[in-house]
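To keep things clear, I will list the structure first and then write my remarks on it.
The values are calculated or read from the model by the stated rules, or taken from the named source; none is laboratory data. What you see is a predicted model; the values in this text were computed from it and never measured. Cβ placement follows ideal geometry from the backbone for every residue including glycine, while neighbour counts extend to all protein chains displayed. The accessibility values were calculated without ligands, DNA or RNA, using every heavy atom of the protein model including side chains. Shrake-Rupley method; radii C 1.70, N 1.55, O 1.52, S 1.80 Å.
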Amino acid sequence: MFEKQPSHVVSRPAPESLRKQRFGMLRSKLRRRITVCVVALVFIATGSAIADVYLPNLFPFLDLTGFSGTYSNTGSVDLSGPFFQSLGTNGRTCGTCHAPSDTFGLSAVDAQFRYFISGGKDPLFAQIDGSTCPTGTVNNSLVVNNGLIRIGLTVPPNTFDPDPPQYTITAVEDPYGCALTTSEGQQTVSVYRRPLPATNLGFLSAVMFDGRESFFYPLNNGQTFAANLNTDLTQQATDATLTHAQATQPPTATQLSQIVGFELALNSAQLSDFFAGSLSKGANGGAQFLSTQPYYPGINDSLGGDPEGNPFTPNVFTIYTSFQNSRNPQQASIARGEQIFNTQPLTISDVPGLTTGTQQIVGTCTTCHDTFNVGNHSFPLPLDIGTGHSLTYETDPNIIAALQQLQTPTLPVFELVCTQGSLAGSTYYTSDPGKALITGQCSDIGRGKGLILRGLAGRAPYFHNGVAANLQQVVNFYNLRFQIGLSQQQMQDLVNFLQTL
Ligand code: HEC
Ligand code: HEC
């Protein structure tokens, strides 16, 4: 199915002179844009006291493959509200870790840049969670190299689960000395996670990787969706201010409603690609189109639970259909990548949350990434695809082969031994117990939500723990993890597609 497409593309190369001319134009355009963007980046990254400053909608920020940007339903991105104000004691704002230049996430390149220009003094590197441990010697390596923030989570019994957990937990690898601490009988685990983008939030089915901020008010029902999302994000903003910003009191009700209103108006995506050009001219990429994308909890559910009764279609992404017959080779590759994402068969096995025992499901990328043109799972469906497993302890050959494609940073490894419930007697090894820290259930070990796939290019590295340095590594991981058998060209097409989201 892929032989015939490139033929008209390779048979009509642009004449050398024309190509040079085009490239020259591209370069001077690029240079102008880079200057604008670097100035904007420095301005935003340093978090200087900004009063009444707005980013125009779709303001372009340079990334490795083009430009990303944000569209706010309010007409522009207001940089003066409480999202960008220091509400705590360490100088941090929400924007410290959710930067407009990084599609409201945090790229490792940005963290490195900030470390360099501030000599490690930027509030991003505050010891509380910008260092591997909250006390002792400061070590910023995980945030600088992998954009990872330390999250301290209590082991049940805790606010979510009043009962003792079904497992006992120990740290079998503790590279930084604070993997598991006990104070007054309460165990606390340090896990290291990527800031999830504070944009495109209207498509969420769970808040936080482990869903802890949507635990009490779930996002699984159209009737309660808007109200619950508001409640969840308000609680989330309170918790973020008290923990990351080390505030001594929560934000005011007005500040909270401004933060949540600001976030909910945002949609972010890649706007243009160096080689494919604008992603919204003649196609439906970009952030503005995304802001019009219909959504309700369970839309296109791959497990057949769409509340409107619509059957699942694997054709989840349809934004680059019009590139299919493009003469621009990059556009044609992106369209092929979209097709691969939607339709290429893969064998899903050993995914707690989806498969049991030795069960195998033949699916597609869209079995898990089923929300139209967004890519998260439209119902809360936390899964363990193996990204947090440890090569030292892993026994599944597909997971071993897949993990070898990644650039896993040095992380703690926890051993969880199940003592109660149907999994009693089983032992698990992971750098992040995921949802099991919220529920205390063995069946939730290592499980976390599927992530929204828009604005990827602006916020490498990938997966909740930053183990894939780039999208090539993501695709290499999946190719072996789910035995897809993609050719080099197909892998490149898939990467080219993902980087335009
Ligand atoms: C020190 C860095 C840091 C700061 C400062 C910070 N966050 Fe976050 N944010 C994170 C991390 C890390 C996560 C993912 C945590 C997890 O999954 O357990 C996250 C997750 C989120 C999410 C969840 C998105 C999703 O897809 O579930 C939202 C919303 C959010 N932050 C908003 C905010 C707001 C609002 C503020 C300011 C009040 C803020 N953050 C301050 C690091 C930060
Ligand atoms: C069995 C379910 C499943 C399948 C199949 C699947 N994914 Fe995922 N995907 C997930 C989950 C769960 C995560 C979050 C994992 C994590 O953060 O550790 C994820 C994360 C990602 C991310 C990282 C996003 C980010 O912001 O870091 C990308 C990119 C991605 N998937 C692309 C794909 C592609 C491409 C395919 C097909 C080749 C695919 N996925 C197939 C479940 C799946």
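For region 152-207 and region 246-325, compute the distance between their C-alpha centroids and round to whole Å. Using only Cα atoms, the two centres lie 28 Å from each other. The phi torsions of region 202-215, fed into the Karplus equation with coefficients 6.51, -1.76 and 1.60 and a -60° offset, translate into couplings of x, 9, 6, 10, 7, 10, 5, 4, 8, x, 5, 7, 10, 5 Hz, rounded to whole numbers, with Gly and Pro shown as x. The Cα center of region 442-501 and the Cα center of region 89-150 differ in position by 23 Å. Straight-line cross-link partners of Lys121 among the aspartates and glutamates, defined as a Cα under 18 Å from its Cα and at least 8 positions apart when in the same chain: Asp110, Asp129.
What separates the Cα centres of region 56-83 and region 359-386 is a distance of 28 Å.
To put it simply, the accessible area of region 4-498 at a 1.4 Å probe is 55 percent carbon and sulfur. When the label point is put 7 Å from the Cα of Glu173 along its Cα-to-beta-carbon vector, which residues of region 432-468 have a backbone N closer than 20 Å? Flagged as within label range: 432-435, 445-448, 461-468. Between the listed residues Pro345, Thr318, Gly388, the Cα displaced farthest toward the positive end of the dipole of the chain, a dipole computed from Cβ unit charges relative to the Cα centre, is found at Thr318.
Sparsely packed loop sites in region 178-276 (the GluC sites (Glu not before Pro) outside DSSP H, G, I, E and B with at most 13 other Cβ atoms within 10 Å) comprise Glu184.
Protein heavy-atom accessible surface, 1.4 Å probe, per residue over the chain: 42 Å². Using R0 = 30 Å, the C-beta based FRET efficiency linking Ser183 and Gln223 works out to 0.15.
Starting from the Cα gyration tensor of region 138-229, take the square roots of the eigenvalues, sort them a ≥ b ≥ c, and report rounded, prolate or oblate (rounded when a/c is under 1.5, otherwise prolate if a/b is larger than b/c, else oblate). Before the final figure, lay out the partial values.
Details: a/c = 3.27, a/b = 1.36, b/c = 2.40.
Oblate.
Using just its DSSP H runs of length 4 or more, each adding -39500 (n - 2.57), the chain gives a mean residue ellipticity at 222 nm of -8500 deg cm²/dmol after division by all residues.
Using the Kyte-Doolittle scale, which helices in the chain average at least 0.0 and also have C-alpha atoms spread 30 Å or more along the helix axis, with helices defined as whole DSSP H runs? Show your work: numbers first, answer last.
Working: long enough: 16-45 (40 Å, 0.34).
Helices passing the filter in the chain: 16-45.
Overall shape: oblate for region 276-372, with the ratio a/c of the largest to smallest alpha carbon gyration tensor axis at 1.5 or above and b/c at least equal to a/b. Quote the charge dipole size of the chain about the Cα centre in Debye, to the nearest 20; the model charges only the Cβ of Lys and Arg (+1) and of Asp and Glu (-1). The dipole of the chain has a size of about 2180 debye.
Only sites in a loop by DSSP and with at most 10 other Cβ atoms within 10 Å count here; which chymotrypsin sites (Phe, Trp or Tyr not before Pro) in region 70-176 make the cut? Each step should come with its number before you reach the end.
Details: sites: Tyr71, Phe83, Phe84, Phe104, Phe113, Tyr115, Phe116, Phe125, Phe160, Tyr167, Tyr176; in loops: Phe104, Phe160, Tyr176.
Those that pass, being in a loop and sparsely packed, number zero.
Only protein heavy atoms count here; under a 1.4 Å probe, Ile445 has an accessible surface of about 10 Å². Oblate is the label for the chain, because the ratio a/c of its alpha-carbon gyration tensor axes (a ≥ b ≥ c) is 1.5 or higher and a/b is not greater than b/c.
Database remark: amide H of Phe59 closer than 5 angstrom to the amide H of Thr70 (H placed geometrically; neighbours at sequence offset of 5 or more, or on other chains; Pro and chain starts carry no H). Placing a label point 7 Å from the Cα of Gln112 along the Cα-to-Cβ line, the residues of region 460-493 whose backbone N sits under 20 Å from it are 460-475.
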